[in-house]
1. Note the per residue figure in Å³ for the convex hull of the C-alpha positions in the protein assembly as shown.
2. Hey, can you rank A:5-16, A:205-216, B:235-246, A:155-166 by average C-beta count inside 10 Å, highest first?
3. Taking amide hydrogens as modeled 1.01 Å from N in the peptide plane, which residues meet the under 5 Å criterion relative to B:Val103, leaving out close sequence neighbours?
4. Going toward the positive end of the dipole of the protein assembly as shown, with +1 on Lys and Arg Cβ and -1 on Asp and Glu Cβ, which of B:Ala56, B:Val246, A:Phe222 do you reach last?
5. Only Cα pairs under 8 Å and at least 6 apart count here; give the relative contact order of the stretch B:89-342 as a rounded whole percent.
6. Ratio of Rg to Rh for the stretch B:256-349, alpha carbon only, Kirkwood?
7. Let me check against my output: what whole-number percent is the relative contact order of the stretch A:47-278, with C-alpha pairs under 8 Å and at least 6 apart?
8. Please list, in chain and number order, the residues 5+ apart from A:Gly114 or on another chain whose amide H is under 5 Å from its amide H, with Hs placed from the backbone.
Amino acid sequence: MSGRSLRRHITSGLMTGLVAVLSFTAVLALVLILGDLIAKGASSLNWDFFTKNPVPAGQSGGGVANAIVGTGIIVGLAALIGLPIGIGTGLYLAEYGSGRLGWIVRFVADVLNGTPSIVIGIFAWTWLVRPMGGYSALAGSVALAALMIPMIARTTEEMVRLVPHSLREAALALGYPRWRTSLRVVARTALAGIVTGCLVGVARIAGETAPLLFTALGNLNFSTSVTQPMQTLPHQIYEYASGPFAEWHRLAWASALVLMSLVLLLGVTARWAIRQRHGSAR
Amino acid sequence: MPDRYRSVTEAAYVSGRMTTLPINPATTPDAVPAPVPEPHWQTLRGRNVGDRLYRATLTALALVLPLLLVTLLAELVVGAWPAIRRFGLPFVWTSVWDPVAGVFGAAPMIFGTLASSLLALLIAVPLALGVAIYLTEFSPKWLRQPIAFLVELLAAIPSVVYGLWGIFVLIPFLRSYVVPPLRAALGWTPLFGGVFYGNSLLAGGIILAIMIVPYIAAVSREVLLAVPASQREAALGMGATRWEAVWTAVVPYGRAGLIGAVILGLGRALGETMAVTMVIGNRHDISLSVLQPAYTMAAAIANEFSEAVSDLHLAAMFEVGLVLFVVTVIVNACARLLIWRVARGTAVGSRAL
């Protein structure tokens with residue numbers, strides 16, 4: 001092997017090693033963050049944490065029951081608004097999306113997917129908070145729904161497109177009208193994929209804070225009224241992390257651990273299920 | 001394509017072969033073919049009432065998104081109008097921000113947004129490209145899925161959790177182990193000058209970098225996977241080493257898509273709010289030093305929007321939102337077009353967007 005060739009092979013080996021190291025660095029970041037969450041959050045998880053409301057600043061004890069319930073309500077309502085629109089848009093894109101409108105909708109969905117969530121918050125503030133004269137959980141839900149629709153639309157489209165044409169043709173040949181073919185045969189076949197896509201979408205918005213800052217606002221007390229301000233876990237973490245008290249920091253870590261577990265549970269189940277089904281092992 | 005999906009029963013009926021088909025004028029009003037002025041349109045819509053209804057419903061739902069985009073833009077412009085009229089273009093390059101006196105210039109926020117995002121790219125691009133290249137070209141097969149999955153998980157961590165981690169883990173770490181040697185070696189340059197308080201451009205940039213790695217990595221990986229195997233084979237067949245094949249044949253082939261992936265990450269970084277707000281220091285000031293606090297547009301909206309002291313202040317916040325929105329839309333549109341050029345018609349990266 002000549003010197004030049006040797007040098008080329010050494011370079012190749014070194015660069016291979018380098019990209020491997022870079023990959024493991026990225027994984028290391030994840031391990032560090034999850035490790036810190038468990039190390040600093042797990043010890044504060046107890047019955048009180050899940051069942052009690054926050055206590056006034058400076059006192060110890062208390063929990064985040066109001067934030068857990070609030071996250072459930074706001075995210076649930078957002079899903080109720082966002083999922084039908086998102087799935088409908090996705091079906092439209094898959095079934096009729098070859099024309100100009102399809103192109104526009106697809107492009108807009110991708111653009112909105114990249115829009116900062118805080119700007120969506122301004123949107124909800126203008127259309128709901130200002131006319132209604134006050135912050136409300138409903139405004140927060142609408143903001144989260146608006147964030148969710150483009151995501152759901154694109155995954156639904158992808159999943160529906162994976163359904164083989166032969167299935168559709170068979171249904172049409174049996175005399176099924178198009179709409180029933182689309183709903184009963186095509187969408188049903190893609191159902192598992194659509195559902196996992198929705199789970200990923202819900203997981204993504206469950207962790208959002210920015211659009212809730214001036215819509216749902218946050219609330220120190222327990223509240224289930226959607227026309228009133230409502231506390232959520234992400235917002236609670238933000239408030240507690242920015243505050244000066246060690247007690248708050250402890251609760252912030254515990255809340256973050258709970259939020260992370262919730263998001264991971266939704267996201268990991270969904271991703272795992274999608275892999276099982278479509279085996280996109282590349 | 002449209003013809004294939006046309007309701008088969010109707011086609012049969014229309015052609016007169018299925019005379020026993022129950023004729024129900026209420027459900028098949030168009031059963032008797034009339035001269036069709038726009039045959040393409042007609043077949044696309046289907047002739048069945050259910051089909052029409054179905055299509056109309058889906059179209060209405062699909063119109064929500066374009067409507068959302070238009071109202072969003074309109075509302076930002078309307079809300080920002082008083083500030084636009086008052087300050088004009090200099091809004092983006094003057095740096096006084098005095099809500100009490102009613103003078104607003106957004107230059108420091110725009111600078112901070114760009115600086116933190118570029119710093120993030122500087123760190124994230126090598127990492128993400130490393131992940132993508134390693135996973136598509138070098139890693140053992142059994143390692144591919146786990147690593148891709150773990151890197152993707154980084155995208156699942158909520159922004160506010162990154163912020164929390166930044167405040168209590170990253171900043172103390174920077175203070176004890178990173179900044180002292182940095183200052184000792186490079187303290188004389190303006191880039192690393194000044195006192196380090198913790199909350200800084202550096203902390204914001206690093207957090208942002210970790211947050212955008214999964215997006216850039218996922219799209220880059222899909223782009224590299226879309227490069228035909230013949231590219232690699234040709235390079236290897238000419239005697240290239242494995243790295244040379246990757247660097248001279250695979251990467252250049254996917255260049256447009258890779259640039260798209262990076263721009264996508266940039267779009268993410270520009271609009272990221274919570275984590276940055278929590279660690280960047282929120283100081284309305286332009287400083288070249290990465291150790292100094294800074295401000296970003298998203299952070300300013302998060303902090304000041306609901307506490308605007310006057311109508312003009314609120315209008316200025318709307319204008320900041322408008323600038324942020326327009327910049328991210330342009331950046332994302334560029335990314336999208338670049339990625340589409342490589343993987344036309346597929347949904348590569350759409351989930352990461």
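1. Details: hull volume 124.3 nm³, N = 635.
Spread over its residues, the Cα hull of the protein assembly as shown gives 196 Å³ apiece.
2. On the way: A:5-16: 14.0, A:205-216: 27.9, B:235-246: 17.0, A:155-166: 18.9.
Final packing ranking: A:205-216, A:155-166, B:235-246, A:5-16.
3. Excluding prolines and chain starts, which carry no amide H, the hits are B:Asp98.
4. Farthest towards the positive pole: B:Val246.
5. On the way: 376 pairs, mean separation 73.6, N = 254.
Relative contact order for the stretch B:89-342 comes out at 29 percent.
6. Numbers: Rg = 16.3 Å, Rh = 15.0 Å.
Using Cα coordinates only, the ratio equals 1.09.
7. Details: 345 pairs, mean separation 62.3, N = 232.
It comes to 27 percent, rounded to a whole number.
8. For A:Gly114, whose amide H was placed from the backbone, there are no distant partners under 5 Å.
A short reminder: the numbers here are calculations on the coordinates, not readings from a lab. Just so it is clear, the model here is predicted, and its values are computed rather than measured. We place every Cβ from the backbone using ideal geometry, glycine too, and count neighbours over all the protein chains shown.
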